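The values are calculated or read from the model by the stated rules, or taken from the named source; none is laboratory data. It should be emphasised that the depicted structure is a prediction, and the values quoted were computed from it without experimental measurement. Cβ atoms come from the backbone with ideal geometry, glycine included; neighbour counts cover every protein chain shown. Only protein heavy atoms, including side chains, enter the accessible area calculation; ligands, DNA and RNA are left aside. Shrake-Rupley method; radii C 1.70, N 1.55, O 1.52, S 1.80 Å.
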Amino acid sequence: MSSHRDAVRTARSVVVKIGTTALTTPSGVFDTNRLATLADAIEARMKAGSDVVIVSSGAIAAGIEPLRLTKRPADLATKQAAASVGQVALINSWNSAFARYHRTVGQVLLTAHDISMRVQHTNAQRTLDRLRSLHAVAIVNENDTVATNEIRFGDNDRLSALVAHLTGADALVLLSDVDGLYDSDPRKGNAQFIAEVAGPADLDGVIAGRGSHLGTGGMASKLSAALLASDAGVPVLLAAASDAATALVDASVGTVFAPRPERMSARRFWVRYAAESAGALTLDDGAVRAVVKQRRSLLPAGITAVSGRFHGGDVVDLCAPDEAMVARGVVAYDAAELAMMLGRSTSDLPAEMRRPAVHADDLVAV
């Protein structure tokens with residue numbers, strides 16, 4: 001067994017993401033028996049000594065039957081209505097499944113916006129940590145009743161990666177209807193299974209597809225989430241929900257993604273992946289080298305253009321002359337202030353404006 005699979009196997013804290021297709025029949029009906037089977041596998045992992053946070057999809061699918069809909073809705077308002085009804089059924093099912101083991105569950109509904117705002121981000125972290133310390137099982141889901149774009153892009157995959165870092169998890173396990181990563185769609189034949197992804201080179205030539213008619217994720221979403229988590233220092237296992245017991249016992253199935261050697265700090269992770277960008281700064285070539293290669297602070301002299309209406313303390317994108325984003329960082333000045341400082345040497349600025357535009361400690365190259 002590789003050291004990365006061993007890291008997943010021995011992880012003391014694990015985030016388990018469960019896709020919609022893992023909780024529904026092939027015809028799209030929400031299946032409480034499938035959910036109960038997954039709860040059994042998760043209970044076994046918890047009984048072995050691991051803390052587990054569950055990121056569960058399935059709210060919209062669970063709302064289809066109670067609302068007498070014939071298929072997954074296409075319009076946003078009906079999706080949100082189905083999620084509203086289905087979320088009740090979903091959390092009740094998790095509650096019943098874990099009640100067999102005398103465990104209490106807690107529901108945590110989040111949107112990408114909640115994670116992107118530093119205060120809400122910290123509050124969510126405290127809630128999840130406290131639920132864990134009280135030995136309750138946290139069931140996290142995208143708040144589909146108020147989400148807009150997130151509801152269409154399989155954001156629960158990304159959300160699970162964010163939650164893995166948010167909770168300081170030692171591993172992320174993504175469970176769905178596929179048994180791992182292939183270089184192309186295995187349903188079309190001639191696809192090669194990829195057992196381990198040690199780095200970007202292992203993904204050369206990989207074609208990842210979009211989601212099913214029931215869920216909103218798909219392999220592209222799962223691959224993106226796996227790379228996000230692994231880049232932050234969290235090992236990831238992508239496996240089939242039908243193999244959940246094996247995946248959570250010894251991690252011998254599926255595809256494992258190797259983590260970066262050093263875990264990214266919570267603040268740098270938030271800047272890089274979670275925070276919403278409030279604007280952008282265009283840099284000259286010299287500033288790009290200083291920021292990306294030398295990890296130095298960004299000075300006003302290296303900025304050629306400002307876009308967006310941001311304030312000091314907001315996160316902004318840092319772009320090369322060709323507009324490609326090269327880094328993100330927390331800006332020290334308002335957009336109007338910075339616009340008057342473009343290209344000026346620090347020594348030419350008033351004393352109160354001699355701080356870097358973005359300090360190296362608040363910079364993350366992409």
Quiz prompt | Selection within the stretch 295-305 - of a type in the set (A, V, I, L, M) and in contact with a strand residue (DSSP E or B) (Cβ under 6 Å, 6 or more places away or on another chain) | solution = Leu298, Ile303, Ala305
Practice problem: Hand me the list of strands (runs of 3 or more DSSP E) wholly inside the stretch 243-360 holding 2 or more residues that are open to solvent by less than 20 Å² (accessible area, probe 1.4 Å). | Solution: 255-257, 280-283, 315-319, 325-330
Quiz item: When the stretch 54-84 is examined, which residues are found to be farther than 30 Å from Ala44 by Cα, surrounded by 17 or more Cβ atoms within 10 Å (Cβ to Cβ) and of a type in the set (Val, Ile, Thr)?
Solution: Ile64
Practice problem: Under 6 Å between Cβ atoms, at least 6 apart or on separate chains: pull out the pairs that start in the stretch 36-47 with a residue that is within 14 Å of Ile18 (Cα to Cα) and end on any residue that is in a helix (DSSP H, G or I) and not charged (D, E, K, R). | Solution: Ala36/Ala97; Leu38/Ala244; Ala39/Ala97; Ala39/Phe98; Ala41/Ala244; Ala41/Ala245; Ala41/Leu248
Quiz item: Mind checking which residues of the stretch 184-205 are modelled with pLDDT under 85 and either among the β-branched types (Val, Ile, Thr) or part of a loop (DSSP other than H, G, I, E, B) (or both)?
Solution: Ser184, Asp185, Gly189, Asn190, Gly199, Asp204, Gly205
Quiz prompt | Selected residue [of a type outside the set (Ser, Thr, Tyr) and either within 21 Å of Asp31 (Cα to Cα) or without any contact (Cβ under 8 Å) to a residue 24 or more places away in the chain (or both)] from Leu110, Leu67, Leu76, Leu131 | solution = Leu67
Self-check item: Top-ranked residue in the stretch 85-107 [being of a type in the set (A, V, I, L, M), touching a strand residue (DSSP E or B) at 6+ places or on another chain (Cβ under 8 Å) and farther than 26 Å from Thr10 by Cα; ranked as surrounded by the most Cβ atoms within 10 Å (Cβ to Cβ)]
Solution: Leu90
Practice problem: Could you please find all residues in the stretch 242-289 being at pLDDT 95 or above, of a type in the set (A, V, I, L, M, F, W, C) and over 30 Å from Gly19 (Cα atoms)? | Solution: Ala280, Leu281, Leu283, Ala287, Val288
Practice problem: Could you list, in sequence order, all residues of the stretch 184-198 that are open to solvent by 20 Å² or more (accessible area, probe 1.4 Å) and touching a residue at least 12 places away in the same chain (Cβ under 8 Å)? | Solution: Ser184, Asp185, Phe193, Ile194, Ala195, Glu196, Ala198
Quiz item: Would a scan of the stretch 65-77 turn up a residue that is of a type in the set (D, E, K, R) and under 23 Å from Leu162 (Cα atoms)?
Solution: no
Quiz item: Of everything in the stretch 12-34 that's touching a residue at least 40 places away in the same chain (Cβ under 8 Å) and surrounded by fewer than 23 Cβ atoms within 10 Å (Cβ to Cβ), which residue is farthest from Ala136 (Cα to Cα)?
Solution: Gly28
Quiz item: Among (1) open to solvent by less than 10 Å² (accessible area, probe 1.4 Å); (2) at pLDDT below 95; (3) in a strand (DSSP E or B), where does Leu128 come up short?
Solution: (3)
Quiz item: Among the residues of the stretch 140-183 satisfying the criterion of being open to solvent by 30 Å² or more (accessible area, probe 1.4 Å) and not in a loop (DSSP other than H, G, I, E, B), which is modelled with the highest pLDDT?
Solution: Tyr182
